[in-house]
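Report on one structure; see the data block that follows.
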Amino acid sequence: MAQYMILIYEDEAQYATATPEVLGEVMQAHTDFAAQVEERGAKLLGGEALQPTGTATSLRGGSEVTDGPFVETKEALGGYYLVEAPDLDAALAVARMTPARFGGVEVRPVITFD
Amino acid sequence: MSEEASSVAAAVADAHRREWALVLAATVRVTRDLDVAEECAQDAFAAALTDWRTSGVPARPGAWLTTTAKRRALNVLRHRGVERRALPLLVEEPTVPGPAELLDERLEDVPLPDHRLRLIATCCHPALGQAAQVALTLRLVCGLSTAEVARAFLVPEATMAARLTRAKKKIAAARIPYRVPPAAELPERVDAVLAVVHLLFTTGHTTPTGGELVRRDLVERSLDLCRMLRQLLPEDPGVTGLLALLLLTDARRDTRTGSDGRLLLLDEQDRSRWDHRAIVEGAALVREALRHRPPSRYALQAAIAAVHAESPTWTDTDWHEILALYGVLGSVWPSPVVALNRAVAVGFAEGAQAGLAALDALADERQLAGYGYFAAARADFLRRLGRVAEARSAYEEALELTGNTVERTFLAARLNGLGAGRDG
């Protein structure tokens with residue numbers, strides 16, 4: 001088994017203007033997702049949603065404090081899931097059903113040090 | 001070299017071409033590491049060069065080479081046991097056989113299990129970029145050296161070595177599985193493999209740059225690969241269609257240039273010198289591939305190639321049949337290049353004016369903007385319509401977008417032949 005981080009990149013502006021109905025659908029999609037991970041032969045180890053990049057503070061070279069995300073992009077990192085899966089195909093199957101209606105996801109293998 | 005040594009060398013070279021993928025794929029099952037498996041497979045071929053001189057060429061060279069490579073792999077694993085545990089291993093199916101079991105596969109008269117499809121599926125995994133897929137396939141499935149793969153794609157050897165290393169590192173670190181994709185995913189995965197084989201063929205059929213029209217090595221490798229796929233997936237309509245397409249297209253290879261090296265188009269080619277065995281084989285495969293509904297894009301492209309291949313002369317070409325096939329192809333696989341080819345067929349079926357109108361309807365397709373064949377097709381229709389000034393600028397544009405010397409010479413000759421036309 002290996003661990004994969006599923007990074008969710010979405011257009012924040014869409015969330016800012018979304019109706020309560022849409023936000024409710026997104027919440028429901030994440031709840032449904034969590035319930036279905038094991039059917040794909042994987043296990044959900046964790047996951048969080050992040051506050052928008054407007055709340056981010058970056059430090060460059062360890063000292064210079066700047067307001068905002070480390071990299072400015074239209075679709076910004078807005079949350080993640082950490083999953084355990086036997087191989088990339090299983091991780092991609094989980095990634096495929098990860099809710100990200102205003103963007104997409106990136107799958108990164110996690111290094112395990114033992 | 002003595003006669004015996006050279007006949008052994010020829011047998012090893014032949015085995016390398018036929019059996020490399022089989023040997024490597026079986027060895028990867030033992031090592032679960034592509035690099036170690038490559039080393040062991042190479043060692044086995046090197047050993048064959050000396051051993052076969054004393055013991056003779058074995059009845060089943062592939063089995064001999066596989067056993068030798070696997071035995072070496074088991075030795076390497078024993079010696080490197082401690083350090084290897086730190087390396088990421090290729091992911092296998094849950095039921096990994098033990099080393100003893102793996103070696104048992106060498107038992108005489110037991111057919112060797114064929115692991116080539118796993119190897120091909122891993123090389124063409126969609127998580128790898130297509131450039132990496134092509135490079136891995138040539139290196140691991142066809143057994144080309146890194147230098148040869150680099151030459152095939154006209155990049156420095158160091159660049160290709162880095163590309164291969166990076167791809168193999170991703171396979172290991174991201175755990176791209178070494179297995180035949182499950183049935184539900186198979187069609188999509190086979191499509192990726194077919195795209196790689198098709199790209200190899202088209203790159204060889206008309207090399208994008210350089211002095212030769214055809215790169216025989218690439219064309220022949222892609223045909224070998226396609227035949228291998230046909231053996232592994234005999235029921236797959238895409239595989240059948242692609243093999244048909246390659247055979248029917250390549251049947252014209254020897255007639256595509258004149259004795260002076262000049263490019264000859266379909267209307268000038270000596271059809272008696274087309275490879276009629278390839279045409280018969282390709283035509284039978286087309287019929288088989290077209291039985292599936294809906295037909296695959298390759299089956300339809302092959303069917304179009306078959307109309308040309310089976311037409312006794314250029315003037316006998318059944319353009320209406322070709323147009324109908326392009327219509328179906330455009331609905332199965334809509335693409336600007338298909339639309340371009342269809343427009344050219346319109347020009348032959350209904351005249352240059354209609355062809356030009358069909359082409360001009362595609363003028364806004366961004367994918368065709370930098371495409372030399374689009375400008376060349378326009379130039380040809382304009383020339384036939386006597387619109388010399390416009391033809392001249394279209395030929396000039398086509399020349400700018402064309403890197404192959406043989407094609408450039410052809411376009412330059414057409415440009416010169418325009419002379420001072422009535423509106424030039």
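The values are calculated or read from the model by the stated rules, or taken from the named source; none is laboratory data. Quantities reported herein were computed from a predicted structural model and do not represent experimental measurements. All Cβ positions, even for glycine, are placed from backbone atoms using ideal geometry, and neighbour counts span all protein chains on display. Side chains included, ligands, DNA and RNA excluded: accessible areas come from the protein's heavy atoms. Shrake-Rupley method; radii C 1.70, N 1.55, O 1.52, S 1.80 Å.
Miscellaneous remarks
- Mean residue ellipticity, 222 nm, helices only, chain B: the sum of -39500 (n - 2.57) across DSSP H runs of n ≥ 4, divided by residue count and rounded to 500, is -21500 deg cm²/dmol.
- Taking every residue in B:127-134 and counting other chain Cβ atoms within 10 Å of its Cβ, the average works out to 1.
- The range A:2-109 - share of DSSP beta bridges that are antiparallel (%, nearest 5): 100
- The lysines whose alpha-carbon is closer than 18 Å to the alpha-carbon of B:LYS168, local same-chain residues fewer than 8 away aside, do not include any residue.
- Candidate aspartates and glutamates for bridging to A:LYS43, where Cα separation is under 17 Å - those fewer than 8 sequence places away on the same chain excluded: A:ASP32, A:GLU84, A:ASP87, A:ASP89
- Mean-position separation - Cα centroids, the range B:332-360 and the range B:261-316, in angstrom: 19
- The range B:283-364: trypsin sites (Lys or Arg not before Pro) falling in loop per DSSP and having at most 15 other Cβ within 10 Å: B:ARG291
- Area accessible to solvent at B:SER331, 1.4 Å probe radius, in Å²: 90
- Average beta carbon contacts from partner chains per residue of A:85-93, 10 Å cutoff: 6
- By a 1.4 Å probe calculation restricted to protein chains, B:TRP333 has an accessible surface near 80 Å², given to the nearest 10.
- Cα principal axis extents for the protein assembly as shown, largest first, Å: 79, 79, 49
- Within the full protein context, the accessible area of B:ASP236 is estimated at about 40 Å² for a probe radius of 1.4 Å.
- Of the chymotrypsin sites (Phe, Trp or Tyr not before Pro) in the range A:30-114, the ones in a loop by DSSP (not H, G, I, E or B) with at most 10 other beta carbons within 10 Å are A:PHE113.
- For peptides B:242-251, B:301-310, sequence by mean Cβ density within 10 Å, most packed first: B:242-251, B:301-310
- With R₀ fixed at 22 Å, the C-beta to C-beta distance from B:ALA195 to A:ARG101 puts the FRET efficiency at about 0.15.
- Across the range B:335-424, the mean sequence separation of Cα contacts (distance under 8 Å, 6 or more residues apart), normalised by length, yields a relative contact order of 24 percent.
- Helix B:276-290 and the longest principal axis of the C-alpha atoms of chain B enclose an angle of approximately 90°.
- Beta bridge orientation in the protein assembly as shown: antiparallel %, DSSP, nearest 5: 95
- Crossing angle, helix B:34-55 versus chain B [Cα axis fit, 0-90 degrees, rounded to tens]: 80
- Three-way shape label, the range B:335-424, alpha-carbon gyration tensor, a/c 1.5: oblate
- Cα shape, chain A, gyration tensor, a/c 1.5 rule: oblate
- Under 13 Å, Cβ to Cβ, from A:GLY68 - net charge with Lys/Arg +1 and Asp/Glu -1: -3
- Reachable aspartates and glutamates, given that their alpha-carbon falls under 14 Å from the alpha-carbon of B:LYS169 and they are not under 8 places away in the same chain: B:ASP33, B:ASP35
- Taking trypsin sites (Lys or Arg not before Pro) across the range A:67-114, the ones in a DSSP loop with at most 12 further Cβ atoms lying within 10 angstrom of their Cβ are A:LYS74.
- Peptide B:163-175 is shielded by partner chain Cβ atoms: per residue, an average of 2 of them sit within 10 Å of its Cβ.
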